[in-house]
Every structure is written in structure tokens, then in C-alpha cells.
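Everything below concerns the one structure shown next.
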Amino acid sequence: MKHRHAQSGIALITAMFIVALATMWIASIVWIDHLQKRRVANLLLTDQAVLYAMGGESWAHDILRLDLENGPTDNLTEEWAIPLPPLPVDGGQIEGALEDLQGRFNINNLINPAGQPNPAAIEIFRRLLALLEIDPALVGHVIDWVDPDVDLSFPQGAEDDVYTARIPPYRTGNGPITSISELRAVEGIDSEIYDALSPHVAALPVGTTININTATVEVLAALSDDISLFDAQSIADGRIDAPFDSLEEIRDDVSPQVIPLLSVSTDFFRVNVLVSLGTVRLYMYSLLERDEAGRVGTRLRSFGTD
Ligand SMILES: [Ca+2]
Ligand SMILES: [Ca+2]
């Protein structure tokens, strides 16, 4: 009898052990299944968010096309410059804002289309760095990054020798940049300098102008040694009530070589869209170009999530 009791005791423990194992196994299947469902749900939400973001981009195309019907100039009092308030959509919301990229200094203008340095643009960039309290020696490094040759800029440059000695090694860009984030690779530009510089610079095709109606205060001050930051701030305040219709009003404040680099209108804009759906947050940045006929095209598009 004692032996049978012991046997049934072992059988009971074995059965309980098997039940426990089975329970754990089922629990893990349920958990994996849950994770997979979450993953699929997130993928579906991300797909949906991309569609909403593309809708935001179409909104920007429309607004820029209609804007041209109101006249040839562009300034910060126009409808495109007003951010879209958060718009509720099924399961979340979408936000959007347009930014004039010609309110910034175009890094690619340091070199003209023939591959030669552009002295007037270089002077503007040098003054911009000084205003931002960044070492002006960086001008040479940035010129060498975008110029097609491998000769060092005078007095301070950086070409392949500097970058191939890095770990991991890489080569000088030696051409126009397509994203300002490329500046992070340039000798002497650390994250602090990049953060100070990035709101004031853009990566656009060579030959774009700076729109004095939208230029940042620092970029306005960089147009001439005769424009202080204080002067630039009053220009920026004044253009809200009375935007520039032409370059006449600024002609006496800048050197004649700078005038061809300026405008009161813009071709290149960036639309920033943020879509929040459930747990998904999707950012989309698109570079838009508007031609003289009012046609708007998307030149570059990038996505980010968090
Ligand atoms: Ca306009
Ligand atoms: Ca070079």
C-alpha cells in the first residue's frame, strides 16, 4: 500500500509538472502571438500614417500653387507660412508646416556651377559663422568638402588626407551636398557647432537666392558688415508689416556683388509633417520646388519615426 501511495504521489507530481510546463508553453505562445499581432498592427498603422503624411504633402503642393496666384513675391505673412493646426484624423492627428529654405544660406552656393569659389557667397558664410560664434576657419573646410578638386583651400582646408586618416576612413564629398546633415562629416564640425549652424543653412541646387523676406536674422546680418544683428532684427520686425516687394530697399545696405544672390521670392520649400496614430509617430520631410508656372514638385522625401 505504501509503495502504491508513493507511486501515485510521483504520478501526481509528474502530472502537475506537465500541466505547469504546458501552461508555460501556452502562455509563451499567447505572448508571441500578442507580440506578432502588435507588430502587424504597428505596421498597418505605419502604412496608414504614410498615407496621411502624403496627404499632408499634397496640401503643401496646393497651398504653394495657390500662393503664386496672389503675386510673385513670398513673405512670412502669406498663408503657406502659417503652420497647419493639428487636424484630427481617424485614430490620431496630423500636423504640418511649410518652411522657406531660401531663408537660409545655401551651402552649395560656396562654389559656382563652374566649380570655382563664389567670393560673395563665401563672405556671407564667413560672416554667418562669426555671428554664430563659430571659428571662421571652418569656411575653408566646408569649401573643400563641396568643391570638386582635392587641393586645400587657403589658408585652412581639409581634403582626403584628413578624412582617410579617420576611423572609419572616408573620402571628401567633393560635390554639392544633398542634406545639411552631411556637414557633420566635415572637419571641425561637432554636434554643438552643427546645432548652432543648422537652422541657418540649407542644401539646395547651386545658384539659389536668399529671400530677404524670410531670411533668418543671422542670415540677414551676414549679408553685409554694415548690418548688425540689431539692424537685422529691425529689418525682420519691419518686414512683417511691410514685406519687401523688390531689392531696392536693401540695395544701399549690401555690396553690389551680393545683390545677385538675393531675391524677394522663393522656389524651394520644405514641408514637415507629423502624423500620430495610436502608438505610431511618423515624421516626413519633403523638399518641394515650385517653378514660375506654379507647378510644384517633390525633389526629396525622408521619413523618421519614434
Ligand atoms: Ca507668395
Ligand atoms: Ca574638394
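Looking only at region 262-274, decide whether some residue is β-branched (Val, Ile, Thr), at pLDDT 95 or above and in contact with a Pro (Cβ under 9 Å, 6 or more places away or on another chain).
Yes - at least one qualifying residue is present in region 262-274.
Taking the options 197, 183, 223, 247, name whichever one is within 19 Å of residue 72 (Cα to Cα), buried (at least 16 other Cβ atoms within 10 Å of the Cβ) and in contact with a helix residue (DSSP H, G or I) (Cβ under 9 Å, 6 or more places away or on another chain).
247
Do any residues in region 145-169 that are farther than 13 Å from residue 187 by Cα have Cβ atoms under 6 Å from those of residues that are part of a loop (DSSP other than H, G, I, E, B), where the two are at least six apart or on different chains, and which pairs are they?
That search, which allows pairs on different chains as well, returns 148/115; 148/174; 150/159.
What's the number of the only condition in (1) surrounded by 17 or more Cβ atoms within 10 Å (Cβ to Cβ); (2) away from ligand 1 (no atom under 16 Å from the Cβ); (3) among the polar types (S, T, N, Q) that residue 58 fails to meet?
(1)
Of all residues in region 201-217, how many are farther than 20 Å from residue 112 by Cα and surrounded by 20 or more Cβ atoms within 10 Å (Cβ to Cβ)?
Result for region 201-217: 4.
From the list 13, 26, 18, 32, exactly one residue is under 30 Å from residue 277 (Cβ atoms) and either in a helix (DSSP H, G or I) or out of contact with any Gly (no Cβ under 9 Å at 6 or more places or on another chain) (or both). Which is it?
32
Yes/no per residue for (1) among the polar types (S, T, N, Q); (2) in contact with a strand residue (DSSP E or B) (Cβ under 8 Å, 6 or more places away or on another chain):
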position	(1), (2)
235	no, no
242	no, no
257	yes, no
271	no, yes
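Tally time: how many residues in region 123-150 are touching a Gly at 6+ places or on another chain (Cβ under 8 Å) and within 9 Å of ligand 2 (Cβ to nearest atom)?
Summing the residues that are touching a Gly at 6+ places or on another chain (Cβ under 8 Å) and within 9 Å of ligand 2 (Cβ to nearest atom) in region 123-150 gives 7.
Looking at (1) among the small types (Gly, Ala, Ser); (2) in contact (Cβ under 8 Å) with a residue 60 or more places away in the chain; (3) surrounded by 16 or more Cβ atoms within 10 Å (Cβ to Cβ), find the lone condition where residue 255 falls short.
(3)
Checking the condition under 30 Å from residue 243 (Cα atoms) and not small (Gly, Ala, Ser), which residue from 74, 47 passes?
Step by step, each of 74, 47 is checked, and only 74 is under 30 Å from residue 243 (Cα atoms) and not small (Gly, Ala, Ser).
The values are calculated or read from the model by the stated rules, or taken from the named source; none is laboratory data. In this text the structure is predicted, and so the values were computed from the model without any measurement. Virtual Cβ from ideal backbone geometry, glycine too; neighbours counted across all protein chains shown.
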